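Just below is one structure, and these are the notes that go with it.
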Amino acid sequence: MSRLAEPTDPQLSDSAATAPHVVARTGTWHKLLPYLSIARPDHWIKNSFMGLGVLLAFFYYPNLLDWEAAGRVLWALMTTCLAASSNYVLNEILDAPKDRHHPVKHARPIPSGQIRLPIAYIEWLLLGGLAMAAAWQLNVAFAASAAALLFMGLVYNVPPVRSKELPYVDVLSESVNNPLRLLLGWFAVTAATVPPVTLMVFYWMIGAFFMASKRFAEYRSIGDPVVAASYRGSFRHCNDQQLLISMFFYATAAALFLGMFIIRYHLELILSVPLIAGFFSMYMRLALKKDSAAQSPERLYREAGLMIYLVVCVVVFVWLMFVEVRYLHELFNVPKSDMPTLWQL
């Protein structure tokens, strides 16, 4: 009995006293994590597509490059991430019934029952509202582009349009977010003009190529046309061969509009074309692999070879933007550009 009456070790006593609080904190985090997950912060890497808009704006207006501009760009990046997350939450909500038929996505927070839908809808509205409030702090053009990004989330996800259910339209309506991100990057620096339309169309088409590659990899991974159609409506009207042909179309269109931009604005960039063509080829090779990483572009950083090659392409492209190669215009018989022909706002 005396042993039972002995005082317990103080360290054990402290641990016992604090354990309920640790459990409570862990439990709260466990409940919040699914709501953070449906905002898809791991997809924010896609907002790096704003980078070309920022770079191009400074290329045209180098006098704007200062610390204040750096602050605006960071603010713009945060705002775009909020807008994108708002769209992701809506996508998760409205995709949940279809995701239950997917071999992997059935474990997502909403189809697996980890989330209360009313709270998810509040999260969607809150993120969108915060994004627009932050966007207005920059300028009207940036706010309009952020609103367009949110609007395309509605077009893509909400019936009766729900463009993600329509073959080919699903890819084109989703990839239009690429030129919108370019505009968001540009307007973070200047709202006086609009970037060249040829470059925006190139951005749209290269985004369509990536998205079509994702659809192609998804279709092949599922392996059953009936299951694929029950998961994604657009798969009822196309197969892997048609998706592969569409990838070729988007890559060709992207190359055409990039060429138009290069000839009109900065011929030195033509030296980067073989590298860019190589990147398209590497990405297509990746999409053709079994259980391809192209299904989840936000995880492509694991493809070390592809990422190293992409960095080389970006570095060469950026370097060529700021150099002049003598005799190149004579070689290609292209008159030298006076460059600044932009649409005025």
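Read the figures in this text as sums done on the coordinates, not as results from a lab. These figures come from a predicted structure and were not determined experimentally. Note: ideal-geometry Cβ built from the backbone for every residue, glycine included; neighbour counts use all protein chains shown.
Between Thr193 and residues 5 or more places away or on another chain, which pairs have amide H atoms under 5 Å apart, with H built 1.01 Å from N, and which residues are they?
Distant-sequence amide H within range of Thr193: Leu345.
Tilt of helix 50-60 relative to the longest C-alpha principal axis of the chain, in degrees (0 to 90, nearest 10)?
Roughly 40 degrees, rounded to the nearest 10.
Given +1 on the Cβ of Lys and Arg, -1 on the Cβ of Asp and Glu, and no further charges, what dipole in debye does the stretch 196-345 carry about its Cα centre, rounded to the nearest 20? Intermediate results must be reported in sequence, preceding the final value.
Working: 13 positive and 10 negative charges, 79 e Å.
Result for the stretch 196-345 is approximately 380 debye, rounded to the nearest 20.
For the stretch 47-78 and the stretch 300-336, what is the centre-to-centre distance using only Cα atoms, to the nearest Å?
For the stretch 47-78 versus the stretch 300-336, the Cα centre distance is 20 Å.
Counting other beta carbons within 10 Å of each Cβ, put Glu174, Glu303 in order, fewest first. Working shown, then result.
Details: Glu174 24, Glu303 17.
Result, fewest neighbours first: Glu303, Glu174.
Can you compute 3J(HN,Hα) from phi for each residue in the stretch 108-120, using the Karplus curve 6.51 cos²θ - 1.76 cosθ + 1.60 with θ = phi - 60°, rounded to whole Hz and x for Gly and Pro?
Each residue of the stretch 108-120 in turn: 4, x, 6, x, 8, x, 8, 10, 8, 4, x, 5, 5 Hz.
Once phi is turned into θ = phi - 60°, what whole-Hz ³J(HN,Hα) does the Karplus curve with 6.51, -1.76 and 1.60 give for every residue of the stretch 219-231, x standing for Gly and Pro?
4, 5, 5, 5, x, 10, x, 5, 5, 4, 5, 6, 7
Picking from Leu74, Val169, Leu182, whose Cα lies most toward the positive end of the charge dipole for the stretch 44-191 (charges on Cβ: Lys, Arg +1; Asp, Glu -1)?
Among Leu74, Val169, Leu182, the one farthest towards the positive end of the dipole of the stretch 44-191 is Val169.
Can you give me the orientation-averaged projected area of the convex hull built on the Cα atoms of the stretch 165-247, in nm²?
The orientation-averaged projected area of the Cα hull of the stretch 165-247 comes to 5.8 nm².
Where is the GNM fluctuation largest for the chain (alpha-carbon springs, 10 angstrom cutoff): Arg302, Arg264, Arg232?
Arg302
Enter the angle in degrees (range 0 to 90, nearest 10) between the Cα long axis of helix 273-287 and the first principal axis of the Cα atoms of the chain, meaning the one along which they spread out most.
40
Could you give me the ³J(HN,Hα) list for the stretch 139-146, computed from phi with Karplus coefficients 6.51, -1.76, 1.60 and θ = phi - 60°, whole Hz, x at Gly and Pro?
Result, rounded to whole Hz: 6, 5, 4, 5, 4, 5, 5, 5.
With n ≥ 4 as the cut-off for DSSP H runs, can you work out [θ] at 222 nm for the chain, using -39500 (n - 2.57) per run divided by the number of residues, rounded to the nearest 500?
Counting only the DSSP helices, I get -22500 deg cm²/dmol.
What do you get for Rg/Rh of the chain when both radii come from the Cα atoms and Rh is the Kirkwood radius?
1.08
So if I place +1 on the C-beta of Lys and Arg and -1 on the C-beta of Asp and Glu, and nothing else carries charge, what would the dipole magnitude of the stretch 44-191 be about its Cα centre? I want it in debye, nearest 20.
Dipole size: approximately 300 debye.
Quick one: if you take sqrt(5λ) for each eigenvalue of the C-alpha gyration tensor of the stretch 196-345, what semi-axes come out, biggest first, whole angstrom?
Semi-axes (√(5λ), whole Å): 35, 17, 12.
Let's see if you can work this out: charge +1 on each Lys and Arg Cβ, -1 on each Asp and Glu Cβ, no other charges. What is the dipole magnitude of the chain about its Cα centre, in debye to the nearest 20?
Value, rounded to 20: 720 debye.
Across the Cα atoms of the stretch 44-191, what radius of gyration and what greatest pairwise Cα-Cα distance (Dmax) are found, in Å?
16.8, 54
Pop a pseudo-label 7 angstrom from the Cα along the beta-carbon direction at both Met78 and Val197 and give the gap in nm to one decimal.
Here the answer is 3.6 nm between the modelled labels.
Find how many whole Å separate the alpha carbon centroid of the stretch 128-202 from the alpha carbon centroid of the stretch 212-233.
26
For helix 67-99, report the angle its Cα long axis makes with the longest principal axis of the Cα atoms of the chain; keep it between 0 and 90° and round to the nearest 10°.
Between the helix axis and the principal axis of the chain, the angle is about 60 degrees.
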